[in-house]
Each structure stands twice: as structure tokens, then as C-alpha cells.
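The values are calculated or read from the model by the stated rules, or taken from the named source; none is laboratory data. Quantities reported herein were computed from a predicted structural model and do not represent experimental measurements. As a convention, Cβ positions derive from the backbone with ideal geometry for all residues, glycine included, and neighbour counts pool all protein chains shown.
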Amino acid sequence: MRHASLAASLVLVACAPPHGQQEFRLRVALVGPLKSLAPGSEPSYSVYAEPWVFESLLRTADDGSPRPALASDFQFSGPAQMAMRIRAGAKFSDGSPVTAEDIRNSLRAARIEVREQGDTLLVESPSGAPIEPLLRFEPIFKRVGDQYVGSGPFQVVSIDAERILLRRRAPAAGRITEVLLLGFPTAREAFARTLAGDADLLIVTDPKQLEFFQGIRRLRIVRGRSVGAISVAMGLRRLGRSERRAIAAALPVAKMSQLVFGDECRPFAPNETAANPTSIARPLEIAVLAEDPQLEHMGLAVARALGSRAKGVRRVSAQEALELFRSQDFDLMMTRPLVWPPSSAALVWESDSPRNESGYRNPKMDAALKAGDWARALQELRDDPPAAFICSPERLALVDSRVKNPQLNGDQYLGTLPDWEVEE
Amino acid sequence: MTNGSSRAAMARNLLVLVAGSGLVILLVGISAIVFLRRNAERNAQSALAVIAEQAAARIGAYLSHQREMLHALAGLVAGIPDAERRLPQLALDAPSLGRVALLTSRTPPGELPRRLASADIVGALAGREVASPLYFREDLTPAIDLCVPAGATPGTAVCATLDLLELQRQVQRIRVGETGFALAFDGDGRLLAAGAPTLRPALLTGEPIAESSLATKVARGEAAPARFRGAIGEDVLAGWAPLREPRWTVVVEQPAREALAPMRNALIGLSAIAVAALVVTLALGAAQSRRVLDALEVEERWRTAGRIATGISHDLGHRLAILQSTSALAETNDPAYLPLIRDNLKSETATLKKFVADFADLSREVSPDQFLPLDLNAFAQSVGRTAIAHAEKAGVHIRVAPASNPAWVKADRYLLERAALNLVTNAIEASPAGGEVAIEVHQQDAVAKLKVIDRGPGIAPERLAGIFDAFKSTKRTGAHVGMGLPNVRRIVTAHGGDTSVESEIGKGSTFSIALPIQLRPS
């Protein structure tokens, strides 16, 4: 009996959190309903949490270069081929080790093949398309029954349309232990509830909203570099290459970004002098997302820049905007495509990219991308522009003040959250 | 007794004087505190109201400026197509105007100002200026839809979604003290801007807060409370100012604890000064009283010393005269005088011995820590037995009547016996031969009484009052120098008890010793 008690107490001691270690739960305000984090699920704001559960093979360093994530000892032998090893000890949340087969299955939808050569994996695109941008975003997963498990630091504990609870798989001193995603009915509700103290993290879409948080010491404003840009997409079905070039040349991007955002949006080509848009044959309609005042203002700035060549600004719904973009049957439309790091061009504009929603084709740019020459690819993109890039606004979030080093600079908005340190 | 009474009366008068001065100081202090409190609250509220008025004036000026700007722009509208194209771009140059557009009868429903009612749209097209209530846009900035007639184009209006973020900034910027803040409400009490971060969720949810009813009353021109439990969860002082157009109210409030902190500090200071003044007055009064009483004490001592000297000189002089006469008789060498000479010497020696014993008793200290339980019944019997010899010599009968129950007291048996024997001896000497002296014990409530009763000639009323004072013997002859009864009182008082006397001329006297009853010792 005494031995049994001793054994039980030893087990209890072993299971208890280390002395002095406190649990830290972060509540993230999002707009619901929340959906599964599993790859291929219906789009929802729970996507912000995806990188905490499902790792990708690579991630992006601050200078834009690829860094190991689930892959280790990786080496590119060309833009379309990479040799790598699986990070030692990498396991899914169900305890099974990450295998070459899991990586192969995860990358199949992205049309990337994986072959084994001893303990090395060869990851390549049969079409020769650059794979590095995809490897930074494609989640590696394993299907267990009807569930998907990932190798990231967090795993899903419970999930419904209003709350998703994620818990760190292995204790990490001074880090966030649990994340609770809260799906509020509207953005306004998420905002108000964060103000009221019911959430500890809120993604801010407009700098004006920060006014509400003046004097609230519980939250701190965190700024980060955006990987997207406010851009003027030019309808490929309606506008020819020369017209698109003329439009792009007619937009004084530095002046426009200053006019709309002040200093809060880093302009592309800041010293550019706008050309007179004489080669534009007809007045152009500018579509803007009705719920995005920033894009609407930028649409007005485009209209002013084009003068009589602008027909007016038309507000469209999110669904309408998506359909228009896929059909490319519009004149001009304000969008926020991915622009950083430069290799991202391969993800958005490369002809064979699974994420090329516009159907844009530019063989010269494709060739540059396949050659891994990002600078030339961007030059080719400017030569036959699908969009005019205006400026990159900052990422903004309000984060619990107890988080010591929140950063928003990763590939994904909150991708670095597992590394954030918290006050103990 | 006269001197003692005047001294007590003087002490009482001095006490009344000092207490009266203290009371005056206290009343002045309390009045000042009440006055200061009322005044401070009124002043704080006035200051808050002034800030609210200034804020309301700024907000009013800002809205007027926006309205005038829109009127000016509307006056420039020349043709519909040009205006439809150009007006929206004004939002870039005047971001505070928000979305600007031309309103005509052909404007599609989706492009109409969303927060204006149909009647307002009709009114705007008919040339009236119309405005929506304040609302929060998709980007959560506060705004109102405002339409003004387009100057040269009848049947059209220029509409703007006025961005009122500046209003919020102005309200948020107002800080009163450490934690005072401002709020803005519409005529229905809906919160429009909040300086207090904790109240800002109500901006978006539209839920009323504690101050909403106040704002509604102010908008209606009704009286509103200036101190109440605020939405921040504590008592606040508030000042307010209404705007005429739109009918908004600016409320500036500050937690009462903070707003009245200077007053509280002043009150603490004032109270401290009042208390200090009180203490100083009492201390000075007490010191002065003590000096006066000490002077009286010294005077009283001299008087006592005089009385003692008079008594001693009188009594010793009397004894000396007898001894001189006896000496003269002895010098005659007449054997017939020998018995007289013997009796005189015997008597005077006894008297002087008693004299010395009385003084010795006076000098004996009474120590309560040496008191022991004593049954007054047994004590009375003992005193009676001790006095029998003296009583028989005087032909007086001693009767002892104990109480029905044991009467326990705590006492120094020796001293208490000296006191009781003194009374009994006096009673025997006052009684005629064949008379009776009774020693009775009584119990009443928490007091035990030893009564010594004689049937002698009694004591004149004018002598009764000071009978326990030194050198106030009723006899003034023989061995009685007047130290016996004062000593009795001294001993009994030291036992926590009291002495008293009742007497009637021709009927006798009753002397009582009252002592507190103690629990029976276990």
C-alpha cells in the first residue's frame, strides 16, 4: 500500500507543471463562424491559426530568404527542385513521426512531387515551376481517420463555430500555452468585445480604429511588414498589354499612397513621375470592395490620377469582387495581392501556379521564374503588368501587453505567435 | 469643608471653561468643514461644466465648419455629369467629408445615403438640409450623413458622409486631473464618444450607460444630478453642456474621490489644526488649573498646619497645665495629695499615649495589596469583645447584632479594627452610664455596613458637616485632639468604602462604615 501511494505521488509530481511555470492563454478576436483548420477546409478567419498547427517545409526570414521549418538541410538545385531532410524528431500531434509519404500526400494538390533518395527527399515541380513560394505556404499534414493532424507546436483541443481552443503540445517556459479563437458575429462585435476586455488580440484593418484604444494599457499596438500590396488590378479580358502599361505609368504611386494613407503605406517606386494616360482609349470603371474604405479611397485616388479616363468608382461585394477577379471581366479593380518576398510572384502570377486565380500568363516571366531570376521576373511583370502596385500598408494588431515580443513580420499574419514570449 | 468645597467648585468652573473653549473650537471646525465640503463640490462641478462648455463649443464649431464646407462645395456644382464624377474625389482632399456624392432623383437606391430616411431624401431633393443620426461606419469611424442643396441645380443635393473621428479625438483628448474624462451623447442618450476606455464598447453596441439618462434630461432641458454613481463604477461629479444643433450633450466627469481630493486634504489639515487647537487649549487649561489648584493646595496645607498647630498647642497646653498643677501639688509634700497626684499622672500619661497612637495611625499607609477577605459579622463580634473592658468601666452595655448572612469584605484587619474601635470608643464615651452601644452589621445590594449606634446627647447639626475633618472633635477635652474621625475616614476611603453619620440632639448618633461586598472566598 505504501509503495502504491509513493508511486502515485511520483506520478502526480511528474504530471504537474514545473515549479513556477504559469499557463498563459491568449484570446484572439475573429469574425465567425469559425471553420476547421484542416487543409482544404472552407475559408474562414480561423486560417490565422493554421500555421500554429500545420507547419510548412520552409518559412521566410526577415530578408526574404527561405529558412527551414519542417525541412532541414534543404538545398535548391534549381527553382523547381529542392533536396531536404525531415527535421529530426518531427512528429505529428498524434505522436507519429513525419514521413516522406506524409509530405508527398500534403504537396500533391500543389502539383509538387516528392521522391526519396536514402534519407534525403527530393521535392520538385514536374512542370519546372518554382516551388519555393509554395513550400512556404503549403501545410504538411497527416490524415488520421477523418481528422487532420499537423506537426506544429499547437494542436486543436476543441472546435465549434464560435470557439476553437488550441493548446501547446509540449511545455515551453515563457510562451503562450493556450490560444482561444473567438468567432464573433461581426467585425464590430469582435472590436467591441476586445475593447471590453473579452479578447487579448485583435487584427486591425484600418489605422483609424486605433483611436478607440487610446489609453487602454491592457493592449499594445503592434506593427509589422505586410506581404501584400494595395494594387490596381487591370482586367486581362478588357485591357491589352499597352493599355495596362499606360495605366500603370499614369499612376503617381508615391503621391497616391501619401494622399490616402499618409506615411502608413510604403509606396512602390516612390520617385516615379506619372505619365499622361493618353493611350487609354475609353473611360474606365474602377471596382472597389464596398466594405474596405481604404481600397475605396485608393480607388478615388486612381480615378483622380486618370482624370477623364476614369469613369467612376463602383462598390462591389466580396463575392462579386472574387468572381470579377476570376473572370478578369472588369476594367480596374482595387486588390491586395501577395508581393513579398519577390519570389511570391511565382505563387500569384506564374502560369501553372495553383494559386494563380487571375489566369494571367506571361511566358517571359514564367521563364525568369523557372530560372530563379526574381528580379527579371518582376521586370517582366512590369513589362506586361496584370496590376499596378501602389503601396504596402503595415500590418496592425492589438496584442495583450503581457506579450513581450509580438511580431507580425512572418509569411502569415500571426505566423510567429508560437515564438512570442510572455511575462511569467 | 468650606475650603475643599470651594476648591472643587473652582476645579469644576475651570473644567467648564476649558471644555467650553474646546466646544467652540469644535463647532467652528465642523462649520468650516461643512462649508468647505459644500463649496468644494460646487466649485468642482462648475469647473467640469466649464470644460464641457468649451468642448461643446469646439465640437459645435467643427460641425459648423464641415457643414459650411459642404455648402460651399454644393454652391460650386454646375452640371450633373461633372459633379457626379468630381464630387466623390473630394474625399481625398477633405477626408473629414468622407464619401461625397451628388444626389439626384436618378440616383440608384444602392448609392443613396444609407442612414437617411426616405422622407429626408425627398426633403434634400426639395432643397432642405437634412442629417442622419450619428452612426459607426464599416471601418468603425463615427459618421453622419448630411445633404445640402446643390446651388445652381434645383432638385439636386450634395451629400457627404461626415467623418466624425475628429469628434471622438476631441472628446478623448479631454482629461481632467488624473482620471477625469468626457463623454458625448445624442438626444436619446446614446453614447457617441467616450474618453474613458472602459466605456467605449458602448459606442459600438449602443447600450445605454449610467450617464445616458442624465444626457437625455440635459437634452430636454430638465434638471440633472451633478453627483451620481457613474458608469465607471464609482461616485462621480459631472458638469455638462448641451449642443443646440445637433441636440447632443457633452458630459465631463471626474471621480468624486479625485475631484474632492484637495478639499479632503484641506479638511484633514483643518481637522488637524482644530484638534491641535483643542489639545493645546485643554493642555493649557489643565496646566493653568493645576497651577491654581496647587496654589490652593499649598494654602490649604498651611491652613491645615495651622489647625494642627492650634489643636496640638491647645491639647498639649491643657495637658501641660494639668501636669504643672500636679507638680505644684507634689511640691507641697502633702501626703493627702498623693492619690490625686497619682491619678493625674496616670490619666495624663494615658492621654499622651493615646495622642501619640492617633498620630501613629495617621502615618500608617493603607496597602490594598495586603487586604484579605474578612467576614464583617465576625469582625463586629471581635470589635465588641475588645471594647467590653472599656465599656464596663464606663457602665455601658455593648450589643452586637450581625447580619443574617456572612458579609464578606476585603480589608486590612488591623486598620479597619482601629477605625471601628475609634467609633465604638467615641460611642461609649458619649453614652451615659447604664446606656447601650450597638454594633450592627447590615447588607444592602453590594454594600456591607458596620453601624455604631449610641443613645448619647447627639451632635449639633452645624458640627456634623465637618465632623470627619481633622481637629474638629466634638469634645475638645481630655485625650480628643480631633484626629480620630479623620483617620477613620482615611482608612475607610482607602478600602473603597465610605463613612457617614446621622445624629439627633437628645437621641444619640449612628456612625456607619460602608464597604463593598466581596465574593465569599472559596
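Things worth noting here:
- Selection status of B:Ile121, at pLDDT 90 or above, outside any helix (DSSP H, G or I) and more than 11 Å from chain A (Cβ to nearest Cβ): no
- Some residue of the stretch B:72-83 being touching a helix residue (DSSP H, G or I) at 6+ places or on another chain (Cβ under 7 Å), surrounded by fewer than 18 Cβ atoms within 10 Å (Cβ to Cβ) and away from chain A (no Cβ under 13 Å): no
- Residue within the stretch B:247-256 that is buried (at least 19 other Cβ atoms within 10 Å of the Cβ), in contact (Cβ under 8 Å) with a residue 12 or more places away in the chain, out of contact with any Leu (no Cβ under 7 Å at 6 or more places or on another chain) and more than 15 Å from B:Ala49 (Cα to Cα) present: no
- Condition check for B:Leu15: in contact with a His (Cβ under 8 Å, 6 or more places away or on another chain) and in a helix (DSSP H, G or I): no
- Evaluated against (1) in contact with a helix residue (DSSP H, G or I) (Cβ under 8 Å, 6 or more places away or on another chain); (2) of a type outside the set (Asp, Glu); (3) free of Cβ contacts under 8 Å to residues at least 12 places away in the same chain; (4) surrounded by 14 or more Cβ atoms within 10 Å (Cβ to Cβ), B:Gly239 falls short on exactly one condition, (3).
- The residues of the stretch B:201-236 that are crowded, with 17+ Cβ neighbours inside 10 Å, within 14 Å of chain A (Cβ to nearest Cβ) and part of a loop (DSSP other than H, G, I, E, B), listed by number, are B:Ile209, B:Ala231, B:Ile232.
- Flag for A:Gly372 being farther than 22 Å from A:Pro66 by Cβ, in a loop (DSSP other than H, G, I, E, B) and not charged (D, E, K, R): no
- Going through (1) without any contact (Cβ under 8 Å) to a residue 60 or more places away in the chain; (2) farther than 30 Å from A:Glu285 by Cβ; (3) not charged (D, E, K, R) one by one, B:Pro109 falls short only on (2).
- Entry remark, the stretch A:363-376: residues being of a type in the set (Lys, Arg) and modelled with pLDDT under 90 number 1 in total.
- Within the stretch A:176-193, if we keep just the residues that are surrounded by fewer than 18 Cβ atoms within 10 Å (Cβ to Cβ), closer than 18 Å to B:Leu140 by Cβ and in contact (Cβ under 8 Å) with a residue 40 or more places away in the chain, the residue that is nearest to the other protein chains (Cβ to nearest Cβ) turns out to be A:Thr186.
- Applying a threshold of 7 Å to beta carbon distances and a minimum spacing of six or more residues, or different chains, the list of pairs starting in the stretch B:157-183 at a residue that is facing chain A (nearest Cβ under 9 Å) and ending at one that is in a strand (DSSP E or B) and modelled with pLDDT under 90 reads B:Leu165/B:Pro142; B:Gln168/B:Pro142.
- All of (1) assigned to a loop (DSSP other than H, G, I, E, B); (2) without any contact (Cβ under 8 Å) to a residue 40 or more places away in the chain hold for A:Asp411 with one exception: (2).
- A residue that is under 21 Å from the mean Cα position of the chain (by Cα) and part of a loop (DSSP other than H, G, I, E, B) cannot be found anywhere in the stretch A:82-94.
- Test: residue in the stretch B:351-365 that is at pLDDT below 95 and outside any helix (DSSP H, G or I): yes
- Matching residues, the stretch A:30-65, being modelled with pLDDT of 90 or more, in contact with a Phe, Trp or Tyr (Cβ under 8 Å, 6 or more places away or on another chain) and either farther than 21 Å from A:Leu165 by Cβ or not in a loop (DSSP other than H, G, I, E, B) (or both): A:Leu30, A:Val31, A:Tyr48, A:Ala49, A:Trp52, A:Val53, A:Ser56, A:Leu57, A:Leu58
- Residue count, the stretch B:335-366 (criterion: of a type in the set (Asp, Glu) and free of Cβ contacts under 8 Å to residues at least 24 places away in the same chain): 2
- Residue that is nearest to B:Leu423 (Cα to Cα) [pool: residues in the stretch B:384-411 that are touching a Leu at 6+ places or on another chain (Cβ under 6 Å) and not in a loop (DSSP other than H, G, I, E, B)]: B:Ala411
- Members of the stretch A:194-213 that are more than 14 Å from A:Arg223 (Cβ to Cβ), surrounded by fewer than 23 Cβ atoms within 10 Å (Cβ to Cβ) and within 7 Å of chain B (Cβ to nearest Cβ): A:Ala196, A:Lys208, A:Glu211
- Identity of the residue in the stretch B:361-381, surrounded by 14 or more Cβ atoms within 10 Å (Cβ to Cβ) and touching an Asp or Glu at 6+ places or on another chain (Cβ under 7 Å), that ends up farthest from B:Ala448 (Cα to Cα): B:Val366
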